Amino acid sequence: MSVTPLAAHTSTRPAPAFRGRIGRDARSGHYAVPRRYRLHLSTACPDGLRIAVAHALLGLDDICPATFLPPVPDTADGGHAVLRPLYDASAHRYRGPALAPVLSDDWSGRIVSTHAPDITRDLARRFGRGRLELYPCGAESEIEAVEDMCAQGVEEAAQGAGAAGAEPAERDEALGTLLRSLGALDRWLDGRTHMIRNQITAADVELWVTLVQLDTVHRHHLDATAVQRIAAHPALWDYARRLAAHPAFGAHLDLDAIARRHHARCQGLEAAGAAVQILDWAAHAAAGTGTRPQVEGP
């Protein structure tokens with residue numbers, strides 16, 4: 001099965017501060033050893049939420065423990081104070097903010113990676129054997145197409161459609177891109193349970209988190225008519241609702257944390273779309289969730 005109808009785009013994610021990989025054996029330096037590595041995540045952050053969902057789907061709590069951080073960073077440069085020792089140990093005179101997500105090496109006390117897609121792939125490939133296949137053989141190009149479409153066709157377009165300083169024509173163009181992307185996804189999912197296979201894959205994790213962000217963050221800067229047009233994709237939002245009820249997805253969905261992070265970072269103006277919620281995420285998540293993970297810090 002191919003995702004050809006979903007045109008690929010160039011990713012706009014920022015370059016990571018650290019991009020090490022977990023290899024196959026000791027010759028690679030960082031190799032797969034249970035409980036050697038630790039995740040540091042804020043599930044209010046979309047990348048942190050993606051990793052947390054994948055980590056739960058793979059059942060890696062005992063193999064690669066996760067430390068959950070507060071939704072709002074607590075340093076003046078927008079970083080997490082608790083992560084500063086890891087950053088300082090990993091780079092001489094590191095000047096940037098101590099951002100999450102982080103995959104750290106408990107043996108050395110240093111950072112392996114801050115690049116969310118690599119972290120997810122390494123968890124699945126190095127520790128996920130015999131578990132759920134998040135990256136099935138031959139599906140990499142399809143998963144990358146979904147990642148790219150989510151990044152530009154949905155995430156970037158939604159930001160452009162709600163940009164306070166943009167000209168009306170620019171906002172309309174961005175909204176058109178967003179609606180075309182959602183329309184393609186809606187048609188693709190019509191009659192399908194999952195995005196690219198007959199099981200949950202990394203493509204589903206990527207798309208679901210993107211839809212969470214669209215409804216809980218980006219709609220706050222759109223007018224009510226735009227949000228109603230976004231909501232008019234029944235197959236797509238039914239898909240999002242079903243995944244929200246899955247324990248691995250819903251257990252990490254903290255709407256209050258997402259709102260706190262958004263209000264702490266956002267400088268845009270709230271629009272009428274803020275009152276037009278597309279899904280009742282809390283109700284759907286409650287259908288399949290247990291206790292949320294404990295957050296470290298204030």
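The values are calculated or read from the model by the stated rules, or taken from the named source; none is laboratory data. Only a predicted model underlies this, so the values are computations on that prediction, with no experimental measurement involved. Neighbour counts are summed over all protein chains in view; Cβ atoms, including those assigned to glycine, are modelled from backbone coordinates with ideal geometry. Quick note on the areas: whole protein, heavy atoms, side chains included, nothing else; ligands and nucleic acids left out. Shrake-Rupley method; radii C 1.70, N 1.55, O 1.52, S 1.80 Å.
Assorted remarks:
- For the chain, the residue among Val205, Tyr31, Ala184 whose Cα projects farthest onto the positive side of the dipole built from Cβ charges is Tyr31.
- The length gained by stretching the chain between Arg129 and Thr193 to full extension, at 0.36 nm per residue less their Cα-Cα distance, is 20.7 nm.
- Residues with amide H under 5 Å from that of His30, placed H, sequence gap 5 or more: Gly23
- 0 to 90° range, to nearest 10: angle between helix 168-189 axis and the chain longest Cα axis: 70 degrees
- Contact order normalised by residue count of the range 154-298, Cα under 8 Å, 6+ apart, percent: 28 percent
- For the range 59-130, the solvent-accessible area works out to 45 Å² per residue, with a probe of 1.4 Å and every protein chain left in place.
- Amide H to amide H distances under 5 Å link Tyr37 with Asp106, where only residues 5 or more positions off or on other chains count and H is placed in the peptide plane.
- Dipole of the chain, positive direction: furthest Cα of Ala257, Ala274, Ala157, with charges on the beta-carbon: Ala257
- For the chain, the relative contact order works out to 22 percent when only alpha carbon pairs closer than 8 Å and six or more residues apart are counted.
- With bins 5 Å wide beginning at 0, the percent of Cα pairs of the chain falling in each bin runs 1, 5, 12, 16, 18, 17, 14, 9, 5, 2, 0, 0.
- Portion, in percent, of the accessible area of the chain that falls on carbon or sulfur, probe 1.4 Å: 50 percent
- Helix axis angle, 116-127 relative to the chain longest principal axis, alpha carbon, degrees: 60 degrees
- Phi angles across the range 246-255 convert, under the Karplus curve 6.51 cos²θ - 1.76 cosθ + 1.60 with θ = phi - 60°, into 3J(HN,Hα) values of 6, x, 5, 8, x, 5, 9, 8, 10, 5 Hz, Gly and Pro given as x.
- Inter-label distance, Ala245 to Arg93: 5.7 nm, where each label sits 7 Å from its Cα along the C-beta direction.
- Residues whose amide H comes within less than 5 Å of that of Val112, counting only those at least five positions distant or on another chain, are Leu103, Ser104, Asp105 (H built at 1.01 Å from N in the peptide plane).
- For the chain, size of Cβ-based charge dipole, Lys and Arg +1, Asp and Glu -1, in debye: 960 debye
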